[in-house]
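Below: the structure, in structure tokens.
The values are calculated or read from the model by the stated rules, or taken from the named source; none is laboratory data. Please read these numbers as outputs of a predicted model, since none were measured by experiment. Positions of Cβ are backbone-derived with ideal geometry, glycine not excepted, and every protein chain shown enters the neighbour counts.
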Amino acid sequence: MTKPPHDKKHSRPGAETTDESAHEQSSEAQDIEIESVGLPDEGAVMPDKKLKAALDEVAKWKNDYLYLRADFDNYRKSVIKERADLIKYGCERLIIELLGFLDTVDRVLQMQMTPENVEQFRSGFEMTANELKNVLQQFGVKELEAAGQAFNPAEHEAVSSEETDLVPPGHIFRVFKKAYKLHDRLIRPAQVVVAKELTPKES
């Protein structure tokens with residue numbers, strides 16, 4: 001007895017047509033989804049004009065970057081050189097002024113000191129000292145008064161103390177070295193003797 005084919009036994013009319021229709025609908029849905037997200041078709045190639053424009057843009061930005069990098073490198077080297085020159089030659093103006101002061105000192109030292117010209121010699125040294133102070137003031141160096149002032153550890157360095165009634169206790173009685181500021185910065189504190197109260201005498 002011959003068995004009927006298995007596929008024909010369970011097949012129903014129109015089933016094959018329905019499967020093909022469902023496959024077509026699925027493919028169509030995929031095409032619609034691809035179009036909706038804007039994806040390019042498979043195998044699509046960028047037009048030559050757009051590719052060339054993109055490559056030109058890349059080349060332009062690369063050249064701009066290289067120029068900017070070269071400019072920055074030159075600027076960096078220039079700043080380093082200027083800083084080195086400033087450290088090396090920054091005191092040039094001060095030295096030129098001090099050379100004038102040194103000329104005055106040399107002229108004073110060339111004088112022969114005698115009992116008759118002692119006062120003239122002293123006057124020459126006072127003028128020389130004043131000239132030096134003027135030079136320093138031109139460069140922002142300022143002398144700070146200390147004698148008779150209240151002791152200030154920010155500006156004064158106490159080397160000793162001494163009993164006296166000439167100035168109040170805790171005030172500066174004697175100055176060994178003067179204090180100086182460069183503009184608003186203290187560059188050397190004053191070395192001073194600070195006054196303290198007199199010890200009562202025993203009766």
When Ala84 is run through (1) in contact (Cβ under 8 Å) with a residue 24 or more places away in the chain; (2) under 28 Å from Asp184 (Cβ atoms), the failure sits at (1)
Checked against (1) aliphatic (A, V, I, L, M); (2) within 25 Å of Phe139 (Cβ to Cβ); (3) not in a strand (DSSP E or B), Ile187 satisfies every condition except (3)
When every residue in region 103-112 that is among the hydrophobic types (A, V, I, L, M, F, W, C) and surrounded by 13 or more Cβ atoms within 10 Å (Cβ to Cβ) is compared, the one nearest to Thr128 (Cα to Cα) is Val105
Restricting region 101-128 to residues that are in a helix (DSSP H, G or I) and β-branched (Val, Ile, Thr), the one nearest to Leu182 (Cα to Cα) turns out to be Thr128
Check your understanding: Would a scan of region 83-100 turn up a residue that is under 30 Å from Ala179 (Cβ atoms), touching a helix residue (DSSP H, G or I) at 6+ places or on another chain (Cβ under 7 Å) and part of a helix (DSSP H, G or I)?
Key -> yes
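Per-residue answers, yes or no, for (1) closer than 30 Å to Val141 by Cβ; (2) exposed (fewer than 10 other Cβ atoms within 10 Å of the Cβ); (3) of a type outside the set (Val, Ile, Thr); (4) modelled with pLDDT of 80 or more:
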residue	(1), (2), (3), (4)
Pro13	no, yes, yes, no
Leu39	no, no, yes, no
Ala44	no, yes, yes, no
Glu57	no, no, yes, yes
Tyr67	no, no, yes, yes
Arg76	no, no, yes, yes
Lys88	yes, yes, yes, yes
Gly100	yes, no, yes, yes
The number of residues in region 160-184 that are surrounded by 13 or more Cβ atoms within 10 Å (Cβ to Cβ) and assigned to a strand (DSSP E or B) is 11
